[in-house]
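The values are calculated or read from the model by the stated rules, or taken from the named source; none is laboratory data. Keep in mind that this is a model prediction, so the values were computed, not measured. Don't worry about glycine lacking a Cβ; one is built from the backbone with ideal geometry, like all the others, and counts go over all protein chains shown.
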């Protein structure tokens with residue numbers, strides 16, 4: 001699966017623990033889960049030979065075995081320290097494999113079911129199961145930002161102004177929608193209605209209506225959305241957001257053409273990137 005020798009788990013390197021990836025007596029050949037499988041949701045109707053397809057779910061989460069070894073004896077105290085780092089964690093931790101073609105890839109995971117490998121009565125390695133939070137690994141999230149004043153320097157921003165921003169190419173391996181984890185909008189203080197439309201997603205439109213509060217000495221309003229968790233926040237308690245149609249921005253795999261209408265001065269989109277590997 002991996003040809004790398006070293007790894008990093010929760011910010012701690014394998015060298016710090018005196019461990020290397022690999023097997024003590026392996027044949028060099030192994031079959032592991034490739035992840036990214038699907039569960040087909042269908043229903044068989046009497047006398048209809050072809051079942052109705054309702055859709056698919058991308059599951060289960062990615063799991064694969066991993067073995068580590070030490071070139072010297074792992075003492076009881078050494079194993080206790082290693083176990084404290086690798087196993088029994090209370091939340092997902094990042095596992096990075098130090099390999100040239102995976103430099104920006106990590107697995108958000110738990111390390112489970114550890115088994116000690118002994119030669120005679122000497123501990124020399126550990127084998128365990130990596131259980132991820134998704135059917136795939138991850139690359140670092142990608143952020144794209146656009147300043148509409150820079151894109152349209154001769155234009156005056158207004159409630160009815162139309163803007164087309166550069167095509168956003170979503171290179172995530174997720175075959176379903178990718179929801180941005182951070183969508184930051186800077187809106188003009190004059191208020192009005194703002195639309196963000198993904199033309200590629202059947203012209204799906206997110207709509208916001210806001211009103212300028214005369215008692216606030218500010219010139220722009222930031223709005224931040226997590227479209228994955230479906231949360232919206234703004235820094236002012238009395239922020240005048242009057243309406244949101246709750247159509248959270250989502251990205252198709254590949255090309256996305258976004259269009260903006262209204263008092264949006266700046267927009268920044270951060271989205272996760274799935275990386276399929278087994």
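Things worth noting here:
- A Cβ distance below 6 Å, combined with a sequence gap of six or more or placement on separate chains, defines the contacts here; from the stretch 71-91, residues that are closer than 15 Å to residue 127 by Cα reach residues that are in a helix (DSSP H, G or I) in the pairs 82/17.
- Scanning the stretch 1-37 for residues that are part of a loop (DSSP other than H, G, I, E, B), at pLDDT 90 or above and farther than 21 Å from residue 132 by Cβ turns up just one, 18.
Let's see how each residue does on (1) over 17 Å from residue 15 (Cβ atoms); (2) part of a helix (DSSP H, G or I):
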residue: 88; (1), (2): yes, no
residue: 95; (1), (2): no, no
residue: 101; (1), (2): yes, yes
residue: 109; (1), (2): yes, no
residue: 135; (1), (2): yes, no
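- Meets criteria (at pLDDT 90 or above, part of a loop (DSSP other than H, G, I, E, B) and under 27 Å from the mean Cα position of the chain (by Cα)) for residue 67: no
- Failed item in (1) modelled with pLDDT under 90; (2) crowded, with 16+ Cβ neighbours inside 10 Å; (3) over 22 Å from the mean Cα position of the chain (by Cα), with residue 160 passing the rest: (2)
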